[in-house]
Amino acid sequence: MVKFYFLLIISFILMEGCKTVKKETEVTQSKYLITIGEPKIIEQPVTDFSEQSTWVLGYFTKSRMTGQPHSEWFIKGFDSYNPDNNVIIELNTINKDLLTIKIILGTWCPDSRREVPRFLRVIDLWQFPEEKITFIGVDNAKLSPVGEFETLNIERVPTFIIYKNNIEAGRIIENPTTSLEQDMVNILKN
């Protein structure tokens, strides 16, 4: 009879031991599934630049494009553009003293979001003073709340207007003819 109780106690201990191990295993598996599990795709909110709330209108500075939400496109375009070094060297031979630039863009416009960061990359490598650049944001009708804006005759964006001694030397409209940097040299050397 003692053997029977002894076996019963041992069986009970073993059964309880299995339940404890089983519970730990279930908990461990549960934690494992929660922490590792199948990868979940966390969707980052995508900015819809066609929404008017994202548009930059009127005069602004470059810093407006390096902050959210515009940094999404600006920094990527700026960092990825590699202008022709030979053309940059040629650009550096041009005197910047009498030059100013107006950049007219629509933050809603894919061409502006592509070309403006590239243009500013060229400007940066050329070491053109930022205070001599005027940024003007327009709406999708190419209008801006800037005095005398209509005298600029903007039909497409982006439009880069280069002035020499306050007289328009030339424009790059929407897409460069050759490259942004070569078009700039062509405008300034003619």
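General observations
- The fraction of all Cα pairs in the stretch 105-180 landing in successive 10 Å bins from 0 to the largest distance is 17, 53, 29, 1, given as whole percents.
- Kirkwood Rh and Cα Rg combined as Rg/Rh, the stretch 55-128: 0.99
- One chain, two ends: Asn86 and Leu57. Fully extended at 0.36 nm per residue, the span grows by 6.9 nm beyond their Cα-Cα distance.
- Rounded to whole Å, sorted largest first: equivalent-ellipsoid semi-axes of the stretch 44-190, Cα gyration tensor: 24, 18, 13
- Once the 1.4 Å probe is applied to the protein heavy atoms, the stretch 87-190 comes out at 48 Å² accessible per residue.
- Length gained when the stretch Asn190-Thr134 is fully extended (0.36 nm per residue, less Cα-Cα span): 17.9 nm
- Under 18 Å from a label point set 7 Å out along the Cα-to-Cβ vector of Leu143, the amide N atoms of the stretch 58-96 belong to 58-59.
The values are calculated or read from the model by the stated rules, or taken from the named source; none is laboratory data. Just so it is clear, the structure is predicted and the values come from calculations on it, not from any experiment. As a convention, Cβ positions derive from the backbone with ideal geometry for all residues, glycine included, and neighbour counts pool all protein chains shown. These accessible areas exclude ligands, DNA and RNA; they are computed on the full protein's heavy atoms, side chains included. Shrake-Rupley method; radii C 1.70, N 1.55, O 1.52, S 1.80 Å.
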